[in-house]
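Readers should treat all values here as calculations from the given coordinates under stated rules, not as data from a laboratory. None of these values were measured; they are calculated from a predicted model. Glycine gets a Cβ as well: all are built from the backbone with ideal geometry, and neighbour counts include every protein chain shown.
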Amino acid sequence: MSKSTMHNSMRVYHRYLGFFLTGIMAVYALSGTVLIFRETDFLKSEKQMEKSIPKDIKTEDLGKEMRMRDFKVEKEEGGIVYFKNGSFNRQTGIAQFKVKSLPFVMEKMVNMHKATTNSPLFFMNIFFGMSLLFFVISTFWMFLPKTAIFKKGLYFTLAGIILTLLMLFI
């Protein structure tokens, strides 16, 4: 394959893959930004939950059963276990608690962003990651190496790499 053919092919692949991935790039941009605030209540609304739990459950397993991180019992008296944002009644087996969650669509976007090998979305995440890597590489075929814009692009590339390294090690 000649240099000009490779150059043109990479430009075409870069362009159409970019158009194809526009939607998912928007999802990852938005969900990634929201994930920065995951330790806060940004965009979250509070919901009252009620869940039936086996009455004989061990106190230390309550948090797992309700899928609550950093679960900590505050006190237990009269058959009722009290914890932050709720309680569990051992006589009835009912846990009442408050949870904070993102709006439905944003929650779906964040779950897609955080997909692991246990999720059917993980193949899509691998494809997206490899596509981003292709964008990184194909960028260097967008302009002919002898042009001023390519040389200026190399300076921006160097500045971006330095900034990335600084952010990684700060």
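Measuring nothing but alpha carbons in segment 87-144 and taking Rh as the Kirkwood radius, the Rg to Rh ratio lands at 1.36. Applying the criteria of a DSSP loop state and at most 15 other Cβ atoms within 10 Å to the trypsin sites (Lys or Arg not before Pro) of segment 29-99 yields 38, 55, 58, 67, 69, 72, 84. Screening the chain for DSSP H helices whose Cα atoms reach 15 Å or more along their own axis and whose mean Kyte hydropathy is at least 0.5 gives 22-36, 122-138, 148-169.
Mind giving me the FRET efficiency for residue 51 and residue 140? R0 is 45 Å, r the Cβ-Cβ distance, nearest 0.05 is fine. Result of the calculation: an efficiency of 0.25. Taking a sphere under 14 Å around the Cβ of residue 65 and counting the other residues whose Cβ falls inside, with K and R at +1 and D and E at -1, yields a net charge of +3. If R0 is 35 Å, the Cβ-Cβ spacing of residue 165 and residue 76 corresponds to a FRET efficiency of close to 0.10. Only aspartates and glutamates eight or more places from residue 151 in sequence, or on another chain, were considered; none has a Cα closer than 18 Å. Looking only at 68, 109, 124, which one moves most when the chain is put into a Gaussian network model with springs between Cα atoms under 10 Å? The residue that fluctuates most here is 68. When you restrict to C-alpha pairs under 8 Å that are six or more residues apart and normalise by the size of the chain, the relative contact order lands at 25 percent.
The GluC sites (Glu not before Pro) of segment 11-76 meeting both criteria, a DSSP state outside H, G, I, E and B (loop) and at most 11 other C-beta atoms within 10 angstrom of the site's C-beta, are 39. By the rule of a C-alpha distance below 17 Å, with chain neighbours fewer than 8 residues away ignored, the lysines paired with residue 58 are 72, 75. Restricting the chymotrypsin sites (Phe, Trp or Tyr not before Pro) of segment 1-63 to loop positions (DSSP other than H, G, I, E, B) with no more than 12 neighbouring Cβ atoms within 10 Å leaves 37, 42. The value for segment 63-105 of Rg(Cα) / (2.2 N^0.38 Å) is 1.27. The convex hull built on the alpha-carbon positions of segment 1-148 has an orientation-averaged projected area of 13.0 nm². Potential lengthening of the chain between residue 154 and residue 96 amounts to 15.1 nm, from the contour at 0.36 nm per residue minus the alpha-carbon distance. Dimensions of segment 39-122 from C-alpha coordinates, computed as largest minus smallest value along each principal axis and given longest first, are 44, 27, 19 Å. For q values of 0.18, 0.31 Å⁻¹, compute log₁₀ I(q)/I(0) with the Debye formula on a Cα-only model of segment 32-87, without solvent. Debye curve over Cα of segment 32-87, log10 I(q)/I(0) at q = 0.18, 0.31 Å⁻¹: -0.73, -1.43.
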